[in-house]
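What follows draws every value from the coordinates through simple rules; no lab data is involved. Just so you know, these numbers come straight off a predicted model, no measurement behind them. Cβ placement follows ideal geometry from the backbone for every residue including glycine, while neighbour counts extend to all protein chains displayed.
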There are 2 protein chains.
Amino acid sequence: MPPDALALKYRQAIEAELQRVVNFSNSPHLADYHQMLVYHMGWEGEGAGPGATGKRIRPLLLLLTVTAAGGDWRAALPAAAAVELVHNFSLIHDDIQDDSPMRRGRPTVWKLWGIPQAINAGDAMFTLAQLALLDLAGRAEVAVVLQAAKILNGTCALLTQGQYLDMAYERRGDLNIEAYWQMVQGKTAALFSACTQIGAWLACSSPECREAYRNFGADLGLAFQVVDDYLGVWGDTALTGKSSESDILARKKSLPILFGLSQKGRFYQAWTEGQIMPADVPRLTHLLESEGAREFTQEHAARLTHRAMGALGAARPQGEAGDALRHLAEEMLSRTG
Amino acid sequence: MPPDALALKYRQAIEAELQRVVNFSNSPHLADYHQMLVYHMGWEGEGAGPGATGKRIRPLLLLLTVTAAGGDWRAALPAAAAVELVHNFSLIHDDIQDDSPMRRGRPTVWKLWGIPQAINAGDAMFTLAQLALLDLAGRAEVAVVLQAAKILNGTCALLTQGQYLDMAYERRGDLNIEAYWQMVQGKTAALFSACTQIGAWLACSSPECREAYRNFGADLGLAFQVVDDYLGVWGDTALTGKSSESDILARKKSLPILFGLSQKGRFYQAWTEGQIMPADVPRLTHLLESEGAREFTQEHAARLTHRAMGALGAARPQGEAGDALRHLAEEMLSRTG
């Protein structure tokens, strides 16, 4: 089966499993409680459909890891649902915290139901993630289920730490590159790493295999974030006339911008002088590049990608799932917009 | 050991276990992240101390259940910490949702650090609850640990449902008494019941014993809430001149008020006519009583208390922990203010 066909098959199974977990209640008193969850998952309400669900990259990564490491992906479906639900719980709260009115082209949960109910919907989604994971019991050894729960919740602790740093530095403005890595470790890399770690615990027989998959997920997550940061300044949408989507305009503390600021040159000067208007973006983008931020970011992306692919190689992924895993990683890291 | 001395000993151990779980990180970047958690727990910051920690009733209930059912309470400490952390996570989010500036005489987390950081602090506390529970591994059989995790998270799902109903009915105004019980089941009784259930799973050898403790916790929680609702209208603080603390003024949908509304009499009329001022409270309190709400609430409190004590009797709690459990229940249900 070609990589895309395998991914499609897994994605359909993931969607069915997510629906099983989320559709747990049918009390008429709770109709709206339930509606918030299925709306956010992209299944119901205005604009529902494939464009609204997200790409389900994390559960796919988990299932492909299981198969590539010689395990039974069907038995791992509850864990796949759990990581996707953790991701979505964090998005619901993130949208409140960032005051974001839109996500994937649709109004966010808080925008439709208000902040108090959206906080609660996020809490409900987090709880469902935990319950989903515990459904592994009976399909995997109990000790492995406990290990998976520890990995997932250790990851959630890192997620809240990354989120804390992100919000704290938004105000303080003294984020250095060291703190950036700690933030990204928590906000992005930890959950990717949890996917490959849990997948490996469900399938690998040796600690070396688990270690290699863990490293693969962590480096893949870091590389993914750096590529994202690169595209936020030099990506198709940010560059081709759409200055309004540039991270420079949003004053996002991304890797190229932090590097630019650390140079204390003309970019730093323009950034600290005051408000940035859409018309300033091309000039600032050019300044960033001339001061070395583009090269710096590309080098980091390349280095992390190389490390991720090396870790994947060390894990010796098997069969067509192994091919699909390499394919997924390449797709994630070679995006252009 | 008299009940109070036993409770004191357990409370000290609970506090130490909570500190162990919450003080997990010492990164200098995360100092403020950590500060929000220890402030909310009542250990640090302005006004810290015994008055700021709360009574730790839930973990105490769990540990006393373990001992009274013949188990080792020290091995159960991680579970005791977990239920208290779940309670506190829900309080942090509740204070945002209710727009409450104060809790236990101190400014709430969101009031000091803002809503975005407070949402995240609640999420962190929830995650710590999960991690605490998983620390049972090694002290209890893995199958029992998984069972405890299922009970705790099933309870969290009920908590979010109760919270949803509470907020939804605040606006809709059509809460009937049936929906009230569903809300209270989720908001209060579920977590009390989780305490006795988890305690029983860690100690009981028979399903009958577990069932009796489960019922005890559930009825105790319902009775506790009904007593709370009673005191919100006829308690010392609500009555003795402090009309400002009456649930009538706060327009809270409590049991006596819902009963009063259901009578569609003069209380209903006054309630629906418009704003209620502090000076109106004594008259409305009197109307509620004359229309039977006080008697109705007392009857429910008595019935539920009787049921809770009956369930506790059926569980045959042993030794001084058994005495302390009866004592705790009596204390909880005979409060006057």
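Taking the longest Cα principal axis of chain A as reference, the axis of helix A:319-333 is set at about 20 degrees. Across the options A:Gln163, B:Ala190, A:Thr67, the greatest Cα extent toward the positive end of the charge dipole of the protein assembly as shown (unit charges at beta carbon of Lys, Arg, Asp, Glu) belongs to A:Thr67. The alpha-carbon of A:Lys252 sits under 18 angstrom from the alpha-carbons of these lysines, leaving out residues fewer than 8 places away in its chain: A:Lys187, A:Lys242, A:Lys264.
Mean per-residue shielding of peptide B:155-162 is 5, counting Cβ atoms of other chains within 10 Å of each Cβ. Electrostatic bookkeeping for A:Ala82 treats Lys and Arg as +1 and Asp and Glu as -1; over the other residues with beta carbon under 12 Å from its beta carbon, the sum is -2.
Just A:Pro59, A:Pro107, A:Pro317 to compare: in a GNM of chain A, with alpha carbon springs under 10 Å, which one fluctuates most? Result for chain A, Cα springs under 10 Å: A:Pro107 fluctuates most. Counting Cβ atoms of other protein chains within 10 Å of each residue's Cβ and taking the mean over peptide B:93-102 gives 2. Peptide A:137-144 is shielded by partner chain Cβ atoms: per residue, an average of 2 of them sit within 10 Å of its Cβ. Specify whether the C-alpha gyration tensor of the stretch A:288-337 places it in the rounded, prolate or oblate class, a ≥ b ≥ c being the square roots of the eigenvalues: rounded for a/c under 1.5, otherwise prolate if a/b is larger than b/c and oblate if not. Cα axes put the stretch A:288-337 in the oblate bin.
Can you list, shortest first and in nm, the gaps between the label point of B:Thr237 and those of its counterparts in the other copies, using a point 7 Å from Cα in the C-beta direction? For B:Thr237, the other copies' label points sit at 5.0 nm, shortest first. Across the stretch B:254-267, rounded Karplus estimates of 3J(HN,Hα) from the backbone phi angles (6.51 cos²θ - 1.76 cosθ + 1.60, θ = phi - 60°) give 9, 4, x, 5, 5, 4, x, 4, 5, 6, 6, x, 6, 5 Hz, Gly and Pro being marked x. Among B:Ala52, B:Ala16, B:Asn26, whose Cα sits farthest toward the positive end of the charge dipole of the stretch B:1-74 (+1 at Cβ of Lys/Arg, -1 at Cβ of Asp/Glu, about the Cα centre)? Most positive-ward Cα: B:Ala16. Sorted fewest first by neighbouring Cβ atoms within 10 angstrom, A:Arg326, B:Arg335 come out as B:Arg335, A:Arg326. Rank A:Leu91, A:Leu133, A:Leu158 by mean-square fluctuation in a GNM of chain A with C-alpha springs under 10 angstrom and give only the top-ranked residue. Most flexible of the set in this elastic network: A:Leu91. For a test of the definition: using alpha carbon positions, the gyration tensor, and the 1.5 limit on a/c, classify the protein assembly as shown as rounded, prolate or oblate. Cα axes put the protein assembly as shown in the prolate bin.
Relative to the longest principal axis of the C-alpha atoms of chain A, give the angle of the C-alpha long axis of helix A:3-22, reported between 0 and 90° and rounded to the nearest 10°. In chain A, helix A:3-22 runs at an angle near 70 degrees to the longest axis.
Over chain A, DSSP H runs of length four or greater, each weighted -39,500 (n - 2.57), average out per residue to a 222 nm ellipticity of -23000 deg cm²/dmol.
Within the same chain, aspartates and glutamates fewer than 8 places from B:Lys150 are excluded, and of the rest, those with a Cα less than 13 Å from its Cα are A:Asp135. Measuring from each cysteine beta-carbon in the protein assembly as shown, the ones with no other cysteine beta-carbon under 4.7 angstrom are A:Cys156, A:Cys195, B:Cys156, B:Cys195. Overall, the stretch A:3-333 carries a charge dipole of about 200 debye about its Cα centre when +1 sits on the Cβ of Lys and Arg and -1 on the Cβ of Asp and Glu, all other atoms neutral.
To the nearest ten degrees, helix B:190-203 and the longest principal axis of the Cα atoms of chain B are 30 degrees apart. Between the stretch A:294-337 and the stretch B:96-123, the alpha-carbon centres lie 42 Å apart. Show the residues, 5+ positions off or on another chain, whose built amide H is closer than 5 Å to the amide H of A:Arg103. Those lying under 5 Å, H to H, from A:Arg103 are A:Thr108. Of all lysines in the structure, those lying under 17 Å Cα to Cα from B:Lys55, and not within fewer than 8 positions of it along the same chain, are B:Lys9. Based on C-alpha pairs under 8 angstrom that are at least 6 apart in sequence, chain B has a relative contact order of 20 percent. Per-residue Cβ neighbour counts within 10 Å put B:Leu328, A:Leu63 in the sequence B:Leu328, A:Leu63, beginning with the fewest. Of the chymotrypsin sites (Phe, Trp or Tyr not before Pro) in the stretch A:1-60, the ones in a loop by DSSP (not H, G, I, E or B) with at most 16 other beta carbons within 10 Å are A:Phe24.
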